[in-house]
Amino acid sequence: MADSLELQRLLQRAHDLIDRLEHLVPAAAPVPDFQASIAFRWRRRNGAGLLQPVRQVASIALSDLQEVEGQKERLVRNTEQFVLGRPANNVLLTGARGTGKSSLIKACLQAYAAQGLRLIEVDKADLTDLPDIADLVAGRPERFIIFCDDLSFDEGEPGYKALKSVLDGTISAAADNLLVYATSNRRHLLPEYKKDNLSYTHTEDGEVHPGEVIEEKISLSERFGLWLSFYPFSQGEYLAIVAQWLRHFACDEAAIAAARQPALVWALERGSRSGRVAWQFARDWAGRDHAGDAAVDASSDAPAPDGLDRV
């Protein structure tokens, strides 16, 4: 009897220990339903990562994006190579805010989704999970883009080295159905300080010795094979984007002509002539009731009021 009671106590302790271990050890990631969407988000729940389907994917067409033709052409070419199974590069899109970096990636997804392109959005905090994501999609027939938006790092962040490993490969070869597309306002993704240049020297014979700190800071961005730079828009480019979005919202040409000066004032108030500001103005203007507006001659060449034409 005593031996039986002791055995039951040992079994109960074993069950209690197993329960505790199950809470400490993350559960295996569930198998994603790759037919549920063309875009996914990597999320962590109870210590485990999973691919969460995006139910309503932003429907941006390549033709909607204006005044970035050079960047668009290069990104489309790289994406098409990737979808067709040809060699293609990881891409870093950098530059002015609101100029269409993220929208261009989303538009490429829409353009090539029917050919098997898929997108996985990963937050900077979850970049350490990139090897797990690569394992999940390995061997799949689809072509996957890891999308990291507004990417930048502070010193010592763990995601920095994880991203470097995925871009450059580790002891295992990089999956041929996976690329990284990242956007950032920083060209080198890390903050740069004046003190970093103290170890940068020039010798008398002209040889240059870059400091190790500088080399480390640029080593991540160099691992992206394709760099696309975006610049602030001129007034004419900004107005062309406004007109494009107003046509997207089915405004007629008279309403578009009437919107010129309000669009310039809108940009002045926001302190920026970006594609995002143009989109926000177009939504506001297209949603108004213009029944009481004065008629505007779209063909008029009369100059704008002093000051507004130089926003």
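At-a-glance table
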{"read-out": "Count of residues meeting criterion [under 27 Å from the mean Cα position of the chain (by Cα) and among the polar types (S, T, N, Q)] in segment 237-269", "value": "1"}
{"read-out": "Unmet requirement for residue 60, which otherwise passes all of (1) in contact (Cβ under 8 Å) with a residue 60 or more places away in the chain; (2) assigned to a loop (DSSP other than H, G, I, E, B); (3) surrounded by 16 or more Cβ atoms within 10 Å (Cβ to Cβ)", "value": "(1)"}
{"read-out": "Of all residues in segment 231-247 being closer than 30 Å to residue 81 by Cα and touching a helix residue (DSSP H, G or I) at 6+ places or on another chain (Cβ under 6 Å), the one that is surrounded by the fewest Cβ atoms within 10 Å (Cβ to Cβ)", "value": "245"}
{"read-out": "Selection status of residue 241, at pLDDT 90 or above and either over 24 Å from residue 101 (Cα atoms) or in the same structural domain as residue 101 (by TED's automatic domain parsing) (or both)", "value": "no"}
{"read-out": "Residue in segment 101-120 that is at pLDDT below 85 and under 12 Å from the mean Cα position of the chain (by Cα) present", "value": "no"}
{"read-out": "Members of segment 84-99 found to be of a type in the set (A, V, I, L, M), touching a residue at least 40 places away in the same chain (Cβ under 8 Å) and assigned to a loop (DSSP other than H, G, I, E, B), listed by number", "value": "88, 96"}
{"read-out": "Every residue from segment 73-88 that is in contact with a helix residue (DSSP H, G or I) (Cβ under 6 Å, 6 or more places away or on another chain) and either over 17 Å from residue 103 (Cα atoms) or basic (Lys, Arg) (or both)", "value": "83, 88"}
{"read-out": "Test set (1) more than 22 Å from residue 229 (Cβ to Cβ); (2) at pLDDT below 90 - residue 96 fails condition number", "value": "(1)"}
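The values are calculated or read from the model by the stated rules, or taken from the named source; none is laboratory data. All values derive from a computational prediction rather than experimental measurement. Glycine also receives a Cβ, built like all others from the backbone with ideal geometry; neighbour counts cover every protein chain displayed.
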